[in-house]
Amino acid sequence: MALNTPRGWLITYDITHPKRLARLHRFLVKHATPVQYSVFHFEGSTAQMGRLMDDIDSRIDPSTDDVRGYQLPERLSIDTLGRGSLPGNALVLSATSPSLQQLLARPTKLPTTRS
């Protein structure tokens, strides 16, 4: 896949200082979709993700904070438990990342196996 091909990314963070946490959250909401607390979905090329991570790096303390970016595979399998992040029948559409809908979907009960 070319470096300029859009793809889905998960950005996760653990920020130790409340003010930095609030600033980073406000920044990320402008560039990515919140999935859960401290977890965002970003759509963009590898170069765009690199620039975003550079911008994030200037907003954190690397000695105490932790930020990670994970490239999502084209075929994504998700198991969820508990309540989902979208209210009711809300729908999120994404032309470049069909996995975003899966990330935000209400959980389904997983089949159980009995021995």
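So here's what we get for this one:
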read-out	value
In segment 3-23, the residues that are in contact (Cβ under 8 Å) with a residue 40 or more places away in the chain and among the aliphatic types (A, V, I, L, M)	Leu3, Leu10, Ile11, Ile15
Answer residue from segment 46-78, given it is surrounded by fewer than 15 Cβ atoms within 10 Å (Cβ to Cβ), at pLDDT below 95 and in contact with a Ser or Thr (Cβ under 9 Å, 6 or more places away or on another chain) and is farthest from Asn4 (Cα to Cα) among those	Ile78
Residue count, segment 1-25 (criterion: in a strand (DSSP E or B) and surrounded by fewer than 19 Cβ atoms within 10 Å (Cβ to Cβ))	3
First in segment 27-41 and at positive phi, second anywhere and buried (at least 18 other Cβ atoms within 10 Å of the Cβ) and in a strand (DSSP E or B), Cβ under 6 Å, 6 or more apart	Ser38/Tyr13
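The values are calculated or read from the model by the stated rules, or taken from the named source; none is laboratory data. Since this is a predicted model, take the numbers as computed values, not measurements. Note that we place each Cβ from the backbone using ideal geometry, even for glycine, and neighbour counts take in every protein chain shown.
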